[in-house]
Amino acid sequence: MSTSVNNTPYTSKTQKSSDNKVVSDAVGKALGKDDFLKLLTTELRNQDPLSPMDNKDFISQMAQFSSLEQTNNMANSIEILNSSISSLFQHSLLSQGAALIGKQVSGMDSAGESLIEGIVEAVNWLDGNPQLQLRMADGSLKGMEMNEIISVSEAQKAIVPEPTPY
């Protein structure tokens, strides 16, 4: 009897109604590692002892299982790598923001309508993005995202007269 599961030919010498249920359940979803093992053990359990599974078929199915497992391992590794790269990117943005502390920055407000200019006093992490906390010329604090920066320069230091000796 030949059945197609996800466009992959699957051949079995004998199959009972319970086997058909396992195959039909597997057709409804993508075959995973556990599904493949269930199908293989069901086939081995129900094979005809006088006409066992051909070695070529068994080796082919084991190769498919090995390939499936390697694909799953690769997908897990890619997921871990993606998470690591994302974390590294966030740390890089935070470090770039920290390097701006004490610098004069200019940029457009989030609406893109007016110019904001101030000295960076702190960097806060909000909603996955670093936000600069600026001290404005009037002494108020204002937030600015790093992607809104137009220019960066050294902060203008106020000229403070030398204290007069007594």
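Rule-based calculations on the coordinates, nothing more; no lab input. Predicted, not measured: the structure shown is a model, and the values here were computed from it.
Under a 5 Å amide H cut-off, with hydrogens placed 1.01 Å from N, G143 pairs with L134 among residues at least 5 apart or on other chains. Could you tell me which of rounded, prolate or oblate describes segment 100-154, using a ≥ b ≥ c as the square roots of the eigenvalues of the alpha-carbon gyration tensor, with rounded for a/c under 1.5 and, failing that, prolate when a/b is larger than b/c and oblate otherwise? Rounded.
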